[in-house]
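For reference, the structure discussed in these notes is given below.
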Amino acid sequence: MKFINRALELEFLENKHGSDQAELIVLYGRRRIGKTELITHFLKDKKSMYFLGRLESREDTIKRINHLLASHFRDFDVVARPLSDWDQVFDYIAVKSKTEKTVFVFDEFPFLVDKFPELPSVLQDKWDSTLKASKVMLFLSGSSVGMMEKHALSYKSPLYGRRTGQWFLRKLEPKYLASFFPDYSVEDLLLVYSSLDTIPGYLVQFNRNINVWENIKSRVLSKGEFLYEEVEILLREELRDPSNYMSILASIAGGLTTFSEIHSQTGLDRSMLSKYLSVLEKLAIVGKSVPVTEGYKKKLKARGALYSLKDNFFDFWFRFVYPNFSQLETGQTREVLSSIRRDVNPFLGRKFEAFIAESFHLFFPNLPVVGRWWQKGEEIDVVALNDKTGEILFCECKWQNNVDGSRLLRDLKEKSEHVSWRDKGRVEHYCIFAKSFSRRPEDCLSFSLKDIEKILPKNNA
């Protein structure tokens, strides 16, 4: 599989590498998001060393880093007189990077801190005293978002204020799905998006040479496969006690979207529930939204906000895998798959809306603010705004064939009258997305799956 996209990230890293000063970069993001692949791609033509934190004794870790340094610099003195602690390691790196840019990567940094609690403090001291005056480019990378924030980014960390850059690596844009599955139709890609999202480590688990449903059966629903228990493994790695989080996620996947509904279902203390939801938001698993016309400030307030599973893989897993665990554990995979295929359309309808919203800039690049709108029982799937021009676009997404676009447009225009946003002088537009149309509207844009396929780029690198 070729390396897909990450152009912005690579540009950022190349600029940092090209600077004439020492760089301390914090790169973090959830498991399987592609951190190691990004680093590996970046290091291809660089003078660099890569050191992976792992579960082992303190002595074995120091032995490994001595071996790495001796091998890279061909320094037999290190073989004869090994460095004994992190103070000596960082002093050595500073000397070797005095005149030439050298990249040194500490991947899975939280594992190292767990084994060496003194490491952040030692690095703080050595950065201030020696490393900062060198030409080193030091990476601290990790998959545990909470631990990376605690040890490398938070105000309480000894490293606070020392980093020269940081990047929270997020999932890919939906348009890159075609690069993983070049022979899939748009409908197939929507199903991939709905079940795996755009997380590279999950996408490569699917076999591009077989159909999507067969991939779901063999890779997600089959006991023992990588994706079968990935959600539980990820939560156990990131959270001390995932049980309450599981209850919250199951509630949201089941259709409960308000704080009060989730509180009633889980029975958790309101302050604790607020804390748990905040953690899940930081992990980009849960999203909290308000009507797009309300602006960012109101989004910070929980009252009136709606919660959803922002991560499609989590949403699919809690909606279709978690409730069927008993059957799947006893090998009834085919029966569960048949049940999913019968019930999946409402789920795909919601994901179609999200797919369009995430890809909206491909269709309407001059409308930068995109989101949902709702009020007192009325709802519009996608609303896009441009504060500078006063333009507003109202959009409906129907995961159906043979849609009567003219009737849908009439309904959309009626609902748009309830949207309060720059009521005077705003310029209104309308559009409709559907699988196919029996009748296209005459005075607004409309996109079928065939139209979408023409717009989505193919084989992005």
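Each value in this text was obtained by applying a stated rule to the coordinates, not by laboratory testing. What you see is a predicted model; the values in this text were computed from it and never measured. Cβ coordinates were reconstructed from backbone atoms using ideal geometry, including for glycine residues, and neighbour counts include every protein chain displayed.
Classified by the C-alpha gyration tensor, the range 7-168 has a rounded form. Its axis ratio a/c, with a ≥ b ≥ c, is below 1.5.
When a/c reaches 1.5 or more, the comparison of a/b and b/c decides; with that in mind, is the range 175-352 rounded, prolate or oblate per its Cα gyration tensor?
On the way: a/c = 1.96, a/b = 1.45, b/c = 1.35.
Because a/c hits 1.5 or more and a/b exceeds b/c, the range 175-352 counts as prolate.
Taking the DSSP beta bridges with both ends in the chain, the antiparallel portion is around 30 percent. The dipole here belongs to the chain: it is taken about the Cα centre, uses +1 on the Cβ of Lys and Arg and -1 on the Cβ of Asp and Glu, and is about 440 debye. Computed on the chain, with alpha-carbon pairs under 8 angstrom and 6+ residues apart, the relative contact order is 14 percent.
Are there trypsin sites (Lys or Arg not before Pro) in the range 427-461 that DSSP marks as loop and that have at most 15 other Cβ atoms within 10 Å, and which are they?
Listed in order of number, the matching sites are K458.
Normalising by the residue count of the range 359-455, find the relative contact order in percent from Cα pairs under 8 Å and 6+ residues apart. Relative contact order of the range 359-455: 25 percent. With contacts taken as Cα pairs under 8 Å at a separation of at least 6 residues, the range 174-223 carries a relative contact order of 34 percent.
Taking one quarter of the surface of the convex hull spanned by the alpha-carbon atoms of the range 61-124 gives a direction-averaged projected area of 4.4 nm².
Expressed as a fraction of 2.2 N^0.38 Å, the C-alpha radius of gyration for the range 359-455 is 1.05. Express in whole angstrom the spacing between the alpha-carbon centres of the range 362-417 and the range 47-99. Between the Cα centre of the range 362-417 and that of the range 47-99, the gap is 58 Å. Please give every one of the lysines within straight-line cross-link reach of K310, meaning a C-alpha to C-alpha distance under 22 Å, and leave out same-chain neighbours fewer than 8 residues apart. Qualifying lysines at Cα under 22 Å: K35, K171, K175, K275, K282, K288, K297, K298, K299, K301, K351, K398.
The trypsin sites (Lys or Arg not before Pro) of the range 221-319 that DSSP puts in a loop, and whose beta carbon has at most 14 other beta carbons within 10 Å, are K223, R240, K301, R303.
Is the shape of the range 13-95 best called rounded, prolate or oblate, per the rule: a/c under 1.5 gives rounded, else a/b larger than b/c gives prolate, else oblate, with a ≥ b ≥ c the square roots of the Cα gyration tensor eigenvalues? Taking the square roots of the gyration eigenvalues as a ≥ b ≥ c, the range 13-95 is oblate. Taking the DSSP beta bridges with both ends in the range 359-455, the antiparallel portion is around 45 percent.
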